[in-house]
Amino acid sequence: MLRFTKMNGAGNDFVLIDNRAGEVHLNRNQVAHLCDRHRGIGADGVLLLEKPSNRADFRMRYFNADGGEAEMCGNGARCFARFANKVAGAEGKISFETPAGVISAELIGDLVTLQMTEPTDLRLGVPLRVANKDRAIHFVNTGVPHVVVPVPQVDDVDVKKEGEAVRQHEMFSPKGANVNFVEKRGANKIAVRTYERGVEDETLACGTGVVASALIFAATEGAHGPIGVLVRGGSELQVGFEKTGTEFKNVTLTGPAEFVFEGTIEV
């Protein structure tokens, strides 16, 4: 029997497990079962809280709903920070290692501000032919590879169909990329819908996608932070940064992280 906590960050939901004892070893099928919304708990991913191997306070391991391990998850990291506060007494500013680098988080009530790793591989105006259509897309790695596609009306996009086509494009093989459709809502506000690899569908929010979309918006529109980002789940997240040309530093993501319920499940 496995004890878990269910949480969500802006509608992006997760199963969190305290594995500081190192006794939990989940295979791909077990992770997929936990995330199954009909036969399991139901989630976009699973997060394990573990002891660090470096100078960070904790280690965060993140698994997508298909059971594959991913580098980083922004909404999951906010949930992870509040979970660490609850089960391990971590307060104030905490740090945790991920394959994308060491992430720091500051707890401010129900909100969490993440200090993100610096973005890499920024590419603007990349021509891409998908489903017999020519597009100009943007790309940036915010801990996870993200494609950003500007659209006039985000509500009119068939996110699953169009997102899957871009995600599977050979340009991003073999790992693929998450795909964000972005609508400008003001000088410092955008609306975003995201297709997530590993979930292979639209999710209600994607933290690293929110950051990627905000940074691309700032780079292409000349906007300064913070950028307010409306996600499908109805929440508005804030992305802060320092910008010099198309170079970004001190990137932060602020948003909610909520406890839903606790329980045990047989795996």
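The values are calculated or read from the model by the stated rules, or taken from the named source; none is laboratory data. In this text the structure is predicted, and so the values were computed from the model without any measurement. So basically every Cβ, Gly included, is an ideal-geometry build from the backbone, and we count neighbours across all protein chains shown. These accessible areas exclude ligands, DNA and RNA; they are computed on the full protein's heavy atoms, side chains included. Shrake-Rupley method; radii C 1.70, N 1.55, O 1.52, S 1.80 Å.
Points to keep in mind about this one:
- Residue match in the range 121-137 (condition: of a type outside the set (Val, Ile, Thr), more than 21 Å from Asn75 (Cβ to Cβ), under 19 Å from the mean Cα position of the chain (by Cα) and in a strand (DSSP E or B)): yes
- Residues of the range 94-145 satisfying the condition of being touching a residue at least 60 places away in the same chain (Cβ under 8 Å) and of a type in the set (Gly, Ala, Ser): Gly143
- Number of the exception - Ala205 against (1) closer than 18 Å to Leu114 by Cβ; (2) in a loop (DSSP other than H, G, I, E, B); (3) touching a helix residue (DSSP H, G or I) at 6+ places or on another chain (Cβ under 8 Å); (4) open to solvent by 10 Å² or more (accessible area, probe 1.4 Å): (4)
- Tally, over the range 253-267, of residues that are farther than 30 Å from His38 by Cβ and either crowded, with 19+ Cβ neighbours inside 10 Å or without any contact (Cβ under 8 Å) to a residue 24 or more places away in the chain (or both): 1
- Qualifying residue in the range 107-119 (condition: small (Gly, Ala, Ser) and either touching a helix residue (DSSP H, G or I) at 6+ places or on another chain (Cβ under 9 Å) or surrounded by 17 or more Cβ atoms within 10 Å (Cβ to Cβ) (or both)): no
- Matching residues in the range 252-267 - criterion: being over 17 Å from Gly76 (Cβ atoms), assigned to a strand (DSSP E or B) and among the aliphatic types (A, V, I, L, M): Ile265
- Neighbours by Cβ (under 7 Å, 6+ apart or cross-chain): first from the range 215-228, touching a residue at least 60 places away in the same chain (Cβ under 8 Å) and under 14 Å from Lys249 (Cα atoms); second open to solvent by 10 Å² or more (accessible area, probe 1.4 Å) and of a type outside the set (A, V, I, L, M): Leu215/Pro119; Leu215/Phe241; Leu215/Phe248; Ile216/His138; Ala219/Thr246
- Residue identified as modelled with pLDDT under 95, closer than 19 Å to Gly9 by Cα and out of contact with any Ser or Thr (no Cβ under 8 Å at 6 or more places or on another chain) among Gly233, Gly207, Gly225: Gly233
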